[in-house]
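Reading through the structure tokens given below for one structure.
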Amino acid sequence: MFYRRRLFSLLSTLIITASLSVATSVSAADRTDKDGNKKARVEAPLNMAILIQDDLISSVGGEIRTTADFIRSLPNGSRVMVGYITAGTLQVRQPFTTDLDKAARSLRIPVASTSASPFNPYVEVIEALHHFDASWKGRNALLLISDGLDVSRGFDPSAAGHTIDLERAIREANSRQVAVYSFYAPSVGLTSHSALAANYGQSSLNRISDDTGGRAFFQGMSGFVTFNSYFDRLRAALNAQYARAY
């Protein structure tokens with residue numbers, strides 16, 4: 001009887017160990033995509049401000065979890081600020097913090113109403129840039145999630161990419177060594193139903209990203225399906241920037 005109990009105990013231990021091994025394998029597999037490719041991770045800590053335009057279409061609200069996952073995936077030592085561009089002001093939901101989970105939890109669903117529409121996002125970009133501390137080590141980046149449209153001085157497509165506030169934002173970002181990355185999404189206003197306005201906004205986002213060492217990400221004029229591909233490409237761009245710098 002003693003030996004039978006001991007054999008049963010050994011078998012139970014083996015089964016538990018095997019189960020844990022399988023669970024570990026599944027957990028590792030969860031970190032890959034559907035094709036079995038491992039997702040890229042940002043390789044080095046950075047200081048990043050994430051700004052979301054508050055009048056973007058309602059489907060952007062479905063991407064808040066994806067955005068939170070990106071924040072939590074950043075390397076330890078990263079600093080993150082979360083802000084919303086709403087009705088011509090910058091609402092800082094979370095000042096710069098190394099508590100990535102706290103920063104992720106500060107995200108909220110955009111208002112998705114013209115009542116929250118700014119004349120342009122670039123004045124608030126300038127305000128956000130003032131929150132970067134020159135004494136911090138590491139790279140600086142700002143992620144602007146916006147339609148990029150500047151109608152502060154009227155809707156003039158010929159001025160796309162060359163408005164006064166956009167030029168000021170580029171100069172401020174370069175003086176503070178902050179690379180601006182941008183995700184395009186249409187707002188509930190002009191860019192949701194005007195291809196010309198969407199093109200105007202995308203041209204401006206492309207300009208601020210190109211001229212500050214960042215990158216702009218689009219999925220055509222009509223909007224986007226998901227931010228997943230944006231964040232995959234953003235991680236790759238951040239890693240490429242780090243490789244060039246070091």
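Some points to look at:
- Index of the failed condition, ALA198 passing every other in (1) surrounded by fewer than 18 Cβ atoms within 10 Å (Cβ to Cβ); (2) small (Gly, Ala, Ser); (3) within 17 Å of PRO118 (Cβ to Cβ): (1)
- Among the numbered conditions (1) of a type in the set (A, V, I, L, M, F, W, C); (2) at pLDDT below 95; (3) in contact with a helix residue (DSSP H, G or I) (Cβ under 7 Å, 6 or more places away or on another chain), the only one that LEU142 does not meet is (2).
Table: residues versus (1) surrounded by 19 or more Cβ atoms within 10 Å (Cβ to Cβ); (2) part of a helix (DSSP H, G or I); (3) not hydrophobic (A, V, I, L, M, F, W, C).
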residue: ILE85; (1), (2), (3): yes, no, no
residue: ILE109; (1), (2), (3): no, no, no
residue: VAL125; (1), (2), (3): yes, yes, no
residue: TRP136; (1), (2), (3): no, no, no
residue: LEU149; (1), (2), (3): yes, no, no
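- Residue within the range 213-230 that is part of a helix (DSSP H, G or I) and either aromatic (Phe, Trp, Tyr) or modelled with pLDDT of 95 or more (or both) present: yes
- Taking the criterion of being exposed (fewer than 15 other Cβ atoms within 10 Å of the Cβ), modelled with pLDDT under 95 and not in a helix (DSSP H, G or I), the residues of the range 153-178 that qualify are ARG153, GLY154, PHE155, ASP156, HIS162.
- Single residue of the range 112-138 satisfying the filter (at pLDDT below 95 and touching a strand residue (DSSP E or B) at 6+ places or on another chain (Cβ under 7 Å)) that is nearest to GLY161 (Cα to Cα): ASN120
- A single member of SER209, SER192, SER203, SER229 is of a type in the set (S, T, N, Q) and crowded, with 23+ Cβ neighbours inside 10 Å, and it is SER209.
- Residue satisfying all of: in the range 187-208; touching a residue at least 24 places away in the same chain (Cβ under 8 Å) and of a type in the set (Ser, Thr, Tyr); farthest from PRO121 (Cα to Cα) among these: SER192
- Scanning the range 151-183 for residues that are of a type outside the set (A, V, I, L, M, F, W, C), closer than 19 Å to ILE50 by Cα and in contact with a Leu (Cβ under 7 Å, 6 or more places away or on another chain) yields GLU172, ARG176, TYR181, SER182.
- The range 179-205 - residue that is assigned to a helix (DSSP H, G or I) and within 15 Å of ARG168 (Cα to Cα) and, of those, nearest to the chain's Cα centre (by Cα): LEU205
- Residue in the range 47-65 that is surrounded by fewer than 16 Cβ atoms within 10 Å (Cβ to Cβ), at pLDDT 95 or above, hydroxyl-bearing (Ser, Thr, Tyr) and under 19 Å from the mean Cα position of the chain (by Cα) present: no
- A residue that is surrounded by fewer than 20 Cβ atoms within 10 Å (Cβ to Cβ), in a strand (DSSP E or B) and not polar (S, T, N, Q) occurs somewhere in the range 94-101.
The values are calculated or read from the model by the stated rules, or taken from the named source; none is laboratory data. Computed from a prediction, not measured in an experiment: that's the story for all the values here. Positions of Cβ are backbone-derived with ideal geometry, glycine not excepted, and every protein chain shown enters the neighbour counts.
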